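As structure tokens, the structure follows; a few thoughts come after it.
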Amino acid sequence: MIALAGSWPAGMPSMVEPYSAVDVIRAKRDKHELSNGQIDWVIDAYVRGVVADEQMAALAMAILLNGMTDAEIVRWTAAMIDSGERMDFSMLARPTVDKHSTGGVGDKITLPLVPVVAACGAAVPQLSGRGLGHTGGTLDKMESIPGWRASLSNAEMLAVLTETGGVICAAGDGLAPADKKLYALRDVTGTVEAIPLIASSIMSKKIAEGAGGLVLDVKTGGGAFMSDPAMARRLAETMVRLGNDAGVRTRALITAMDVPLGFAVGNALEVAESVEVLAGGGPADVIELTITLAREMLDLAGITGKDPADTLRDGSAMDVWNAMVAAQGGDPHAPLPVAKEHFVIRADQTGVLTRLDALPVGIAAWRLGAGRARKEDPVSPGAGILLHAKPGDEIAAGAPIMTLFTDESARFALAQEALVDAVAIGPVGSVVDRLPLVIERINEESRG
Ligand code: URA
């Protein structure tokens, strides 16, 4: 049989392909360093469909098992960036600075943070994603605001950014398309948990976004993607190095995700809590993390003499929020969706709440309808959990610990199953062992 141009079997090197996928896989399998040419080719050929999914899966597994050198990670990231477009904000009068969180339970920090930093004079382009699994996605939260639209063209995004100083919207398909394809493959081949692949995946998108500065919030603890603090540190160091090497001033904070952030977990519930923070109230941990990250972002943007906490007191962050929401079709004053059903879980004894684990709370909120199992599933905007106490709080027998919200009461049993061991109450006077909110700061000088 004669193979015609365009119908060459996937994975078979054509006359014009300079490398063979099998040779690249063998090289990594045998612990050799891949050359720049091999890396550039394998990413490009994967996007073109010349390298087949099963070949990329084998390579990803070899990378997971054998790692990558710094030089390989830098080149792999650059190749993923080059697979798509790069945004350019150089025409803006304000310095641009961005933030990325590796995700956690109740992590709504982006919502108050973007307007706070914008109110201090920076431009914050926040290209976000939807949630999958037990951690919520920023776009799902924002979409619970009636009328709000996540998808913007590049021109619309720039217009919102210019007008309000901040924008939260969906990352377009043009940004690092190689990562989109590779991430979906890693998800189904047990190859997500490789630091070189995670770091290059996150940083290819962030570098392509084109902001001048970037603060990474790398979560650790039971509810985080990187539950082991040593792994979180390695990931943070790798990403900080990648960002700075690519000319983006990058810093990371390693922060606690042993307990949910704030009291609200679920889309509309988290928007309501964020608005409370913007109005000058809200939970202490959400305020502290918002202000801490804002200070880092302003420092990277070169903005001095502004205290981000002032923007919560004087209403200027709320003004930016209202303008941002309205610019994307949302009504910032419209009532948020409320779930049809609720169920209260109460304390069975008097004492001190000694444990409230983030992971089971995230799973329970997800089962109530706040999250999705497949990326095309819808989410229920009102579903989730409101916590009434946090570890260290005294609690009386019969007092509410949390309220579960859902549109379908059949989901309560599944959520409660996830929560069986999530909470512990110790005798009055019990001392609670918790991670500090900000565990460590990694900057350029912390390079390991
Ligand atoms: N988030 C990403 O964008 N990529 C990963 O690989 C993991 C988390």
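Numerical summary
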quantity: Residue under evaluation residue 129, criteria (1) more than 16 Å from the ligand (Cβ to nearest atom); (2) modelled with pLDDT under 95; (3) surrounded by fewer than 18 Cβ atoms within 10 Å (Cβ to Cβ), criterion not met; calculated: (1)
quantity: Residues being at pLDDT 95 or above and either among the aliphatic types (A, V, I, L, M) or in the same structural domain as residue 300 (by TED's automatic domain parsing) (or both) - total across segment 78-91; calculated: 4
quantity: Unique match (being part of a helix (DSSP H, G or I) and closer than 19 Å to residue 210 by Cβ) among 118, 58, 93; calculated: 118
quantity: Test: residue in segment 59-77 that is more than 16 Å from the ligand (Cβ to nearest atom), of a type in the set (Val, Ile, Thr) and at pLDDT 95 or above; calculated: yes
quantity: Members of segment 326-372 found to be in a strand (DSSP E or B) and crowded, with 21+ Cβ neighbours inside 10 Å, listed by number; calculated: 353, 356
quantity: Residue within segment 243-262 that is of a type in the set (Val, Ile, Thr), closer than 22 Å to residue 178 by Cα and within 13 Å of the ligand (Cβ to nearest atom) present; calculated: no
quantity: Pairs with Cβ under 6 Å, 6+ apart, first in segment 172-191 and farther than 16 Å from residue 78 by Cα, second within 13 Å of the ligand (Cβ to nearest atom) and among the aliphatic types (A, V, I, L, M); calculated: 186/60; 186/192; 191/60; 191/64
quantity: Every residue from segment 132-155 that is more than 16 Å from the ligand (Cβ to nearest atom) and among the polar types (S, T, N, Q); calculated: 144, 151, 153, 154
quantity: Residues that are in contact with a Phe, Trp or Tyr (Cβ under 9 Å, 6 or more places away or on another chain) and buried (at least 21 other Cβ atoms within 10 Å of the Cβ), drawn from segment 381-391; calculated: 382, 383, 384, 385, 387
quantity: Where residue 104 falls short, out of the listed (1) assigned to a helix (DSSP H, G or I); (2) within 16 Å of the ligand (Cβ to nearest atom); (3) under 22 Å from residue 269 (Cβ atoms); calculated: (1)
quantity: All positions within segment 175-199 that are at pLDDT 90 or above and either more than 16 Å from the ligand (Cβ to nearest atom) or part of a loop (DSSP other than H, G, I, E, B) (or both); calculated: 175, 176, 189, 190, 191, 194
quantity: Counted residues, segment 49-63 - those being under 17 Å from residue 200 (Cβ atoms) and either in contact with a helix residue (DSSP H, G or I) (Cβ under 7 Å, 6 or more places away or on another chain) or among the small types (Gly, Ala, Ser) (or both); calculated: 7
quantity: Subset of segment 200-217 [within 11 Å of the ligand (Cβ to nearest atom) and of a type in the set (A, V, I, L, M)]; calculated: 202, 203
quantity: Test result for residue 226, at pLDDT below 95 and within 11 Å of the ligand (Cβ to nearest atom); calculated: yes
quantity: Selection count where residues are touching a helix residue (DSSP H, G or I) at 6+ places or on another chain (Cβ under 7 Å) and outside any strand (DSSP E or B), scope segment 424-439; calculated: 1
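The values are calculated or read from the model by the stated rules, or taken from the named source; none is laboratory data. Quantities reported herein were computed from a predicted structural model and do not represent experimental measurements. Positions of Cβ are backbone-derived with ideal geometry, glycine not excepted, and every protein chain shown enters the neighbour counts.
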